[in-house]
Amino acid sequence: MRTDEKKCPQCAEIVRREAKVCRFCSYQFGEEEMAPSQRQNPARDQNNVTKWLLGGVVGLVLWVAMCSRGDDNSAETNATAGGSQPETAPAPTDEKENPTGVTANSFEKIQNGMTVSQVEAILGSGTKVSETDAGGMKGEVYQWDGGMMKGTIVGTFMNGKLMSKAQVGL
């Protein structure tokens with residue numbers, strides 16, 4: 001018998017090692033009789049769920065952040081169309097001009113593994129925009145808005161630790 005073959009315990013015929021069912025007698029091989037590449041790996045499955053969940057939440061939050069920034073700009077457009085010129089403040093060049101903690105410098109300070117309270121110590125209070133619990137993994141997404149035309153920072157937390165961060169407009 002070759003290494004890529006196995007013997008059916010019911011009919012004693014030789015079948016391929018990857019077979020889940022014997023082609024001669026329809027015997028169904030158990031988990032321990034399957035090739036290692038066919039066995040279920042719950043850790044790998046959980047990891048894939050976590051990656052999809054995290055990616056979907058981050059994508060959704062970035063989309064929401066971009067849409068809300070579009071709403072700010074539409075107010076300026078409507079005021080201009082009405083004939084009056086809106087007042088616009090120049091974009092902040094350093095942290096002293098932006099009273100929120102939402103700056104490019106503060107974005108660089110936050111690191112993966114930080115807790116929500118550690119990140120809020122740098123950025124100020126954030127808004128929880130999403131929360132999920134799947135398979136023992138608790139996911140939360142927070143958003144910090146720097147105000148009109150001052151940028152947005154989004155943080156994704158898994159089980160209380162920062163897993164990813166993103167920024168728009170800093």
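Do any residues in the stretch 18-32 that are in a loop (DSSP other than H, G, I, E, B) have Cβ atoms under 8 Å from those of residues that are of a type in the set (Phe, Trp, Tyr), where the two are at least six apart or on different chains, and which pairs are they? Going by the 8 Å Cβ cut-off, the qualifying pairs are Ala19/Phe29; Lys20/Phe29; Cys22/Phe29.
Tell me the residue from Glu76, Glu120, Glu140 that is among the acidic types (Asp, Glu), out of contact with any Asp or Glu (no Cβ under 6 Å at 6 or more places or on another chain) and either at pLDDT 75 or above or in the same structural domain as Gly169 (by TED's automatic domain parsing) (or both), please.
Working: Glu76 fails: either at pLDDT 75 or above or in the same structural domain as Gly169 (by TED's automatic domain parsing) (or both); Glu140 fails: out of contact with any Asp or Glu (no Cβ under 6 Å at 6 or more places or on another chain).
The conditions single out Glu120.
Put simply, of Leu170, Leu162 the only residue that is closer than 19 Å to Asn105 by Cα and buried (at least 19 other Cβ atoms within 10 Å of the Cβ) is Leu162.
The values are calculated or read from the model by the stated rules, or taken from the named source; none is laboratory data. These figures come from a predicted structure and were not determined experimentally. All Cβ positions, even for glycine, are placed from backbone atoms using ideal geometry, and neighbour counts span all protein chains on display.
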